[in-house]
1. Once you have a ≥ b ≥ c as the square roots of the Cα gyration tensor eigenvalues for the stretch 211-319, tell me rounded if a/c is under 1.5, and otherwise prolate or oblate according to whether a/b is larger than b/c.
2. Given a cut-off of under 8 Å on Cα pairs at least six residues apart, what relative contact order in percent is computed for the stretch 70-206?
3. Could you give the distance between the Cα centres of the stretch 43-116 and the stretch 233-274, to the whole Å?
4. Once Lys and Arg get +1 and Asp and Glu get -1 on their Cβ, which of L246, G313, Q215 lies farthest toward the positive end of the dipole of the stretch 186-319?
5. Kindly rank 258-271, 285-298 from highest to lowest mean number of other beta carbons found within 10 Å of each residue.
6. Near the amide H of F176, under 5 Å away, which other amide H atoms are found, from residues 5 or more places off or on another chain, if H is placed in the peptide plane?
7. Could you tell me which of rounded, prolate or oblate describes the stretch 85-135, using a ≥ b ≥ c as the square roots of the eigenvalues of the alpha-carbon gyration tensor, with rounded for a/c under 1.5 and, failing that, prolate when a/b is larger than b/c and oblate otherwise?
8. Enter the Cα centre distance for the pair the stretch 117-132 and the stretch 162-224, rounded to the nearest angstrom.
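Taken together, the values in this text are just the output of simple stated rules run on the coordinates, not laboratory data. In this text the structure is predicted, and so the values were computed from the model without any measurement. For neighbour counting, all protein chains shown are included, and Cβ atoms are generated from backbone atoms with ideal geometry for every residue, glycine included.
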Amino acid sequence: MNMRRSLQASAAALCLTALVAGCGQAVNGSKTIDTENVSAAGVESPGPRVLHENWPEKVPSHGLAKGLALPLEEFMPSYADEIAVQEARDIAETACMRRYGFTDWRTEDLGVSPPVSDNASNMPRRYGLSILAEAKEYGYHTPSQGTESTPPPEQEAAGAETVLRGADGSERVASFKGGALPEGGCTGEVDRKVGTLDQHFVEELSSESFLQSQQEPAVKAAMSAWSGCMKERGFNAPTVWDTDELVGVQSETPTDKEIAIAVADVECKQDTDLIKIWFAQESAIQRQLVKENQASLGGAQNQVKKTLDVASGVTASLR
């Protein structure tokens, strides 16, 4: 495991144990590590390598979800947006670590395992499987879209965790080798300099519309028709989510049984227009949610734009 992965795991564990106080807050006061001074001069950071192969489409171009985009997607950051912010964060992290003498610090490649959806709507699989060709080849498995990446070198340098987190164990550290550390270490500096994309509100509304849509009479009728179609093919599944029980524990590669169920699933959706009907009902619900929450959604959208502008500036200045 490289240093960055191990540090992220450590930070995650600390967040869980300090949930009430808030991740990153001092627990047992602060201490200072004073040895030799470090140069405050910044070192230009090359940043991570960003791979662009097999990134998701803005809107699905094939399958039963072809051309479908829900109203709330207008307010959701794209995969490219997420990569842009993470790239800026990694560049800023590397620049910070190098200021404290970790001149070989590297972060992992970005864009190596793109998701199937361009945003949080997960449209290609929002209503379950929607592409027959994928069902025939992969069953319910997600098609592999990963790109080979070059991992960063092992980075077990002494003091790296202290500088990255601004802490030694549970104690906050104020300086390293005579140089003052940013509050929260380089991670804290990155949080303040770049920030993160917050799409909690729009995702909350998206979840609300998704759950509400399943209670619509038209969706219930279409789901019942889909279930009847599946039963005719020998599979008892009241809803599209019950196919998991039919498949059982998913093996490393799809079995013949899994593929048969997946193919029946998609073909029955096609025969009953389930996805088309479901999408229409949820779109109507989302249009109403957008109308009721226009101000809050607009504010969240503006904040995303600001974060992207900041990230762009950081990337341009430190590359």
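1. Cα axes put the stretch 211-319 in the oblate bin.
2. Contact order relative to length: 32 percent.
3. The stretch 43-116 and the stretch 233-274 have Cα centres separated by 33 Å.
4. Highest projection toward the positive end goes to G313.
5. 258-271, 285-298
6. Amide H neighbours of F176: L181.
7. It comes out prolate by the Cα gyration axes.
8. Rounded to whole Å, the Cα centres lie 23 Å apart.
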